[in-house]
Amino acid sequence: MHWDLSSDRPIYSQIIEQMELRICSGVYPLGSKLPSVRDLAQEAAVNPNTMQRALSKLEETGLIYSLRTSGRFVTEDVSMIEMTKKRIAREHIQEFLNRMIRLGFQQEDIISMLMDISKELKK
Amino acid sequence: MSNLLECKNLTKTFGSTIALMNVNLEIGRGRIVGLLGPNASGKTTFIKLCNDLLTPTRGEILIGGHKPGITTKGMVSYLPERTYLNDWMRVSDIIEFFKDFYKNFNPEKAYDMLGKLGINPKDRLKTMSKGTKEKVQLILVMSREADLYLLDEPIGGVDPAARDYILETILSNYREDATVIISTHLISDIEKILDDVIFIKEGQVVLQKTVDEIREESGKSVDALFREVFRC
């Protein structure tokens, strides 16, 4: 998975988002051990201190936890990951709706278009 | 914890030209710092003062508590803007040279990095392109286990792919007790790996902040802010 960092927002908050995404999508499965800060920083081509800061934030939320000597792990709590998934989905949908409204669509139109396109995709 | 590098009222003039004016800086250990400024802003003067290649007109610099001199030369690994290596030498000769000069030089590390970049240690410098020469120099400098790395324009002459490799090299050599100061104006290429940013303008420090502070406060990349601060 590629690290996609834009240049106009704080790096550490973007790393948090992408780590959440990776955990939710199973790139880092439930209960698995995360690579070291140094390896992650190198992979994302960011400063190790920035990576450290992002991981500490994720620890605060409980999505990952650290064992003093053996490293950092993804939570084993399924409901926690479900909650995170829903939150991310909500954010995406809100953003999408805002854009559609800016384009001048009404809510009903948006929903019916969504149904149509989703049907086409199923085929 | 004490700072690795401290400047107090550092001033350097060349006749009537002011290169640096009352620079006050404190830089801790374990940081990657970008020294950013347009041409002729005083970046190279600052780095040369840190290396005892110039002496301050007024004020002082302390590196690990010492004034630049013999002690600090053992602590500081310096990549100058222009090469000082002899053209006729082979890379392996220069490695021997560095081994003699610096106690903290690690030749295995150097050979390992040369191998990764596909540079033949038996090649002479004069047969190499400008970019390859720059890579060799950076490899030599990063192969020292120093406290402070001073890199003056390390990515100027190399292509974007090699630039990525160089940044990776800097990151993979990063140690918690060492600090790297990189002077450049190719900001967008390096801002992701920086902790702190120092903007220097006409010999004075106009801003010292972390990259994320800049992005949070201005909603702009360091590169965009630089273009704003230094608009011609």
### ³J(HN,Hα) computed for each position of the stretch B:61-67 - Karplus, 6.51 cos²θ - 1.76 cosθ + 1.60, integer Hz, glycine/proline x
10, 10, 10, x, x, 10, 6
### Query
Can you list the HN-Hα couplings for the stretch A:19-25, worked out from phi with the Karplus curve (6.51, -1.76, 1.60; θ = phi - 60°), rounded to whole Hz and with x for Gly and Pro?
5, 4, 4, 5, 5, 5, 8
### Summary
Under 5 Å from the placed amide H of B:LEU5, counting only residues 5+ away or on other chains, we find B:ILE27, B:GLY64
### Query
For B:VAL180, which sequence-distant residues (separation of 5 or more, or a different chain) have an amide H within less than 5 Å of its own amide H, given hydrogens modelled in the peptide plane?
B:ARG31, B:ILE32, B:VAL33, B:TYR149
### For the stretch B:99-105, 3J(HN,Hα) per residue [Karplus equation, 6.51 cos²θ - 1.76 cosθ + 1.60, θ = phi - 60°, Hz, x = Gly/Pro]
4, 5, 6, 10, 5, 8, 7
### Query
By its C-alpha gyration tensor, with a ≥ b ≥ c as the square roots of the eigenvalues, how is the stretch A:78-121 shaped: rounded for a/c under 1.5, else prolate for a/b larger than b/c, else oblate?
oblate
### Query
How far is helix A:107-122 tilted off the main Cα axis of chain A, in degrees rounded to 10, range 0 to 90?
70
### B:VAL205 long-range amide H proximity, modeled H, under 5 Å
B:ASN24
### Summary
Ordered by fewest other Cβ atoms within 10 Å, a rough proxy for footprinting exposure, B:LYS133, B:LYS122 read B:LYS122, B:LYS133
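Can you give the relative contact order of the stretch B:79-225 as a percent, counting alpha carbon pairs under 8 Å and 6+ residues apart? Provide the component values of the computation, followed by the final result.
Numbers: 167 pairs, mean separation 28.8, N = 147.
Relative contact order here is 20 percent.
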### Query
When you take every Cα atom in the protein assembly as shown, what is the radius of gyration, and what is Dmax, the widest Cα pair distance, in Å?
24.2, 79
### Summary
Percent antiparallel among DSSP beta bridges confined to the protein assembly as shown, rounded to 5, stands at 60
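Report the semi-axes of the equivalent ellipsoid for the stretch B:21-156 in whole Å, largest first, where each axis is √(5λ) for an eigenvalue λ of the Cα gyration tensor. Could the numbers behind the result be given before it?
Working: eigenvalues 158, 56, 36 Å².
Calculated on Cα positions only, the semi-axes equal 28, 17, 13 Å.
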### Message
At 7 Å along Cα-to-Cβ for each site, give me the label-to-label distance between A:LYS57 and A:ALA45 in nm.
### Response
2.1
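Taken together, the values in this text are just the output of simple stated rules run on the coordinates, not laboratory data. Quick caveat: nothing in here was measured; it's all calculated off a predicted structure. Here Cβ is always computed from backbone atoms with ideal geometry, including for glycine, and neighbour counts include all displayed protein chains.
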